[in-house]
1. Can we say Asp228 is surrounded by fewer than 14 Cβ atoms within 10 Å (Cβ to Cβ), in contact (Cβ under 8 Å) with a residue 40 or more places away in the chain and closer than 25 Å to Ile115 by Cα?
2. What is the residue count in segment 122-134 for residues that are crowded, with 23+ Cβ neighbours inside 10 Å and touching an Asp or Glu at 6+ places or on another chain (Cβ under 6 Å)?
3. Can you pull out every residue in segment 120-137 that is in contact with a Lys or Arg (Cβ under 6 Å, 6 or more places away or on another chain) and farther than 20 Å from Glu200 by Cα?
4. Please give the number of the condition Met105 fails out of (1) outside any helix (DSSP H, G or I); (2) within 30 Å of Ile48 (Cα to Cα).
5. I need every pair where a residue in segment 189-208 that is outside the structural domain of Ile93 (by TED's automatic domain parsing) and more than 16 Å from Glu135 (Cβ to Cβ) has its Cβ under 8 Å from the Cβ of a residue that is among the aromatic types (Phe, Trp, Tyr) and outside any loop (DSSP other than H, G, I, E, B), sequence separation at least 6 or different chains.
6. Answer with yes or no whether Ala9 is of a type outside the set (Lys, Arg) and crowded, with 24+ Cβ neighbours inside 10 Å.
7. Just the residues that are in contact with a Pro (Cβ under 6 Å, 6 or more places away or on another chain) and not aliphatic (A, V, I, L, M), please, taken from segment 82-111.
8. Give segment 99-111 a look and list any residue that's under 10 Å from the mean Cα position of the chain (by Cα) and not hydrophobic (A, V, I, L, M, F, W, C), or say none.
Amino acid sequence: MNPKLVAAAEAVKLVRDGQVVGLGSGSTAELAILELGKRIQSEGIRVIGIPTSRKSEAVGKGAGIPISTLDEYDVVDITIDGADEVDPHLDLIKGLGGALLREKMVAEATEKEVIVVDESKLVQQLGTKAPLPTEVVQFSHHHIGKRIASLGCTPELRSVDGKPYVTDNGNYIFDCRFAKGIEDARRLDSELHSIVGIVETGLFIDIADIVIVGSCSGARTIRRSELDEERLLR
């Protein structure tokens, strides 16, 4: 079985009739969009989709999901999205797909944020496998990159076919690599946001409510509420 599909299918079971659903970006999230479309066709459930990228909007429309925006729906009942890394606290790195700004906007409007991944995305420390995507304005982006580098990482301007990659929002992305991983994600996120010209970071701290990990043998569900309860019992 495809571990990504296992996680996606399990997450879509959480969607209820009449809900507003955030449509995540990336390969696993797109599988969830397709699975949601199947539920619409087979069960007749009614949902409204809030896409996190132009790609997820196109996939959603193709799957038969009615599409809207946060301007029309201030509160999203549930979002199903992917991640590039997940640590033991359920904090995330996202943005290798280039949709981090819209993903975070939809996530922060969401009552239940569900993350779908395969086991390869689980890490003990953020930044050890994936770089940290950081979205910046185009104006003086080299200057911004130097400021980012001063925080102890190596920022690389993302490019496609020899040209800078441009996000759906018209911005650039620096993929930032940390030699020893990110020691304090919360502090780093604050430091990055203090740099003028940075639009958003791929650090998603205290945002995921549920992480569903797919494998060839099935799906495992990790809930933030259970982690919090474990901490209280220690």
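1. No: the conditions fail for Asp228.
2. 3
3. Val123
4. The number of the failed condition is (1).
5. none
6. Judged against the criteria, Ala9 is not a match.
7. Of everything in segment 82-111, just one residue is in contact with a Pro (Cβ under 6 Å, 6 or more places away or on another chain) and not aliphatic (A, V, I, L, M), namely Gly95.
8. Arg102, Glu103, Lys104
The values are calculated or read from the model by the stated rules, or taken from the named source; none is laboratory data. In this text the structure is predicted, and so the values were computed from the model without any measurement. So basically every Cβ, Gly included, is an ideal-geometry build from the backbone, and we count neighbours across all protein chains shown.
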